[in-house]
Amino acid sequence: MSKIKNIFLGLILVGGLSIGLKAAGVVGGFSAATNATSGIVDLSWTYPALVSDTTVYIQYKETDAGWDSGTAQIIFKVSSITYSGASVIGLPTSVNVGRDGVIAVPAASGYYFHIWVQDAIGISSGVTSAQTPVITPAAINIITTTLTDGATTMVLNDVNGYMTKLAIDNDGNSFVLASTYPAIVINKFTPQQTLAWTRYYANANSISAGDIAVDEAGDVYVTGSEYISSDADIFLLKYDTDGNLIFHRNYTNTGYDEAKGLAFDKIGNAYVAGKIYNGYSDDMWLGKYDINGNLSWFKTYNSSGTNHDYGYGVTVDNSDNVIVVGAEYRYDLNQSGNIFVRKYNSAGAVLWTQTYNSPSNSYDVA
């Protein structure tokens, strides 16, 4: 089952599981509780009946009004269920926490949560939890350094951060992404280098930043990898320019998966490049997401040597062709890591692949 990180959800499945075609039942016992970890909330509920290919929607807000499953931040599927009886499943997901200047997000009162269940026949009535506080991290340590010539100011965020990435929108705002265990942190700075907002995405296990990019509408996308149990999944977060979380998506696969590159086409589709485990080695992975976070398609690349292949960067040309760059290991040719460049059209068809091996047969990477 797909798992999504930052909140820990305790999902309790109770009773026999129906395989009949009837509209999804309303969940019972839906509740939320504060977790001791920043950005984590414990949710639990019971199912009166559950069918194969059920979709669960969870939305959260600071006010108990305007609920809409179409804008739910948390979406996951339950498929191919063949067992019955009680079972407990953990589903981590994202809660938006951080600060707008010095003001904590969310407020001390926290969030309400609302849940729906949908099957092939229809969607259930929604159920709302009580308002639940969320622990917000303390203000981040910001260091501003002016160079000796006085012409440039360098702003560094979080002295404990690493794997820092930068993106700039069309208005000159800067977005800085960094890993800072056990979370990633995104800071927005105005053109005047004032900190506008900070957002944290935490994980009870481990999480690492991959890349950050801003689309033409000013929305901010973040990708990377996060551990769920013993596996690491690719994640994609989308925030609006004010730091509100629009969606959180995961690509789940057995083994260690990670994302390293992010780019957009002219109509706002997002392309994520990285690698996934294939049961023996690693394959390059390229995923295309629409503006609503739906995975339109994904492609993998396993070089002829069936060794490790990594996607490190991605870009989109003026014709919306997608170009991925990375490294492939060719031990079968008595070589080490070779650079590859692979071009796809917007539908995911491969147009060409080129590789480069340096004369020394040593490790090459783009």
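Can Y280 be described as without any contact (Cβ under 8 Å) to a residue 60 or more places away in the chain, hydroxyl-bearing (S, T, Y), at negative phi and touching a strand residue (DSSP E or B) at 6+ places or on another chain (Cβ under 8 Å)?
On the way: without any contact (Cβ under 8 Å) to a residue 60 or more places away in the chain: yes; hydroxyl-bearing (S, T, Y): yes; at negative phi: yes; touching a strand residue (DSSP E or B) at 6+ places or on another chain (Cβ under 8 Å): no.
No; evaluated as a whole, the condition is false for this residue.
Mind listing just one residue for me: the one in segment 305-320 that is touching a strand residue (DSSP E or B) at 6+ places or on another chain (Cβ under 6 Å) and free of Cβ contacts under 8 Å to residues at least 40 places away in the same chain and, of those, least open to solvent (accessible area, probe 1.4 Å)?
As a first pass, look at segment 305-320 and keep what is touching a strand residue (DSSP E or B) at 6+ places or on another chain (Cβ under 6 Å): 307-316.
This time we only want the ones that are free of Cβ contacts under 8 Å to residues at least 40 places away in the same chain, so: 307-309.
Details: N307: 27, H308: 63, D309: 0 Å².
So, considering only residues that are touching a strand residue (DSSP E or B) at 6+ places or on another chain (Cβ under 6 Å) and free of Cβ contacts under 8 Å to residues at least 40 places away in the same chain, the one least open to solvent (accessible area, probe 1.4 Å) is D309.
Every residue in segment 270-296 that is open to solvent by less than 20 Å² (accessible area, probe 1.4 Å), in a loop (DSSP other than H, G, I, E, B) and under 17 Å from D219 (Cα atoms), please.
Listed by number, the list holds a single entry, G293.
With the structure loaded, tell me whether I89 is among the aliphatic types (A, V, I, L, M), open to solvent by less than 20 Å² (accessible area, probe 1.4 Å) and either modelled with pLDDT of 90 or more or not in a loop (DSSP other than H, G, I, E, B) (or both) or whether it fails that test.
Taking the combined requirement at face value, the residue does not satisfy it.
Among the residues of segment 148-192, write down those that are at pLDDT 60 or above and part of a loop (DSSP other than H, G, I, E, B).
Residues satisfying the conditions are T148, D149, D169, N170, D171, G172, N173, Y181, P182, T190, P191, Q192.
Limited to segment 221-269, what total is found for residues that are over 12 Å from the mean Cα position of the chain (by Cα), within 19 Å of N292 (Cβ to Cβ) and among the aliphatic types (A, V, I, L, M)?
2
This table checks each residue for (1) under 24 Å from I75 (Cβ atoms); (2) touching a residue at least 40 places away in the same chain (Cβ under 8 Å); (3) surrounded by 22 or more Cβ atoms within 10 Å (Cβ to Cβ); (4) in contact with a strand residue (DSSP E or B) (Cβ under 9 Å, 6 or more places away or on another chain).
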{"site": "S174", "(1), (2), (3), (4)": "no, no, no, yes"}
{"site": "Y201", "(1), (2), (3), (4)": "yes, yes, yes, yes"}
{"site": "G210", "(1), (2), (3), (4)": "yes, yes, yes, yes"}
{"site": "V222", "(1), (2), (3), (4)": "yes, yes, yes, yes"}
{"site": "F235", "(1), (2), (3), (4)": "yes, yes, yes, yes"}
{"site": "T252", "(1), (2), (3), (4)": "yes, yes, no, yes"}
{"site": "D265", "(1), (2), (3), (4)": "yes, yes, no, yes"}
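The values are calculated or read from the model by the stated rules, or taken from the named source; none is laboratory data. Since the structure is predicted, the reported quantities are computational estimates derived from the model, not experimental observations. Note: ideal-geometry Cβ built from the backbone for every residue, glycine included; neighbour counts use all protein chains shown. With ligands, DNA and RNA removed, areas are computed over all heavy atoms of the protein, side chains included. Shrake-Rupley method; radii C 1.70, N 1.55, O 1.52, S 1.80 Å.
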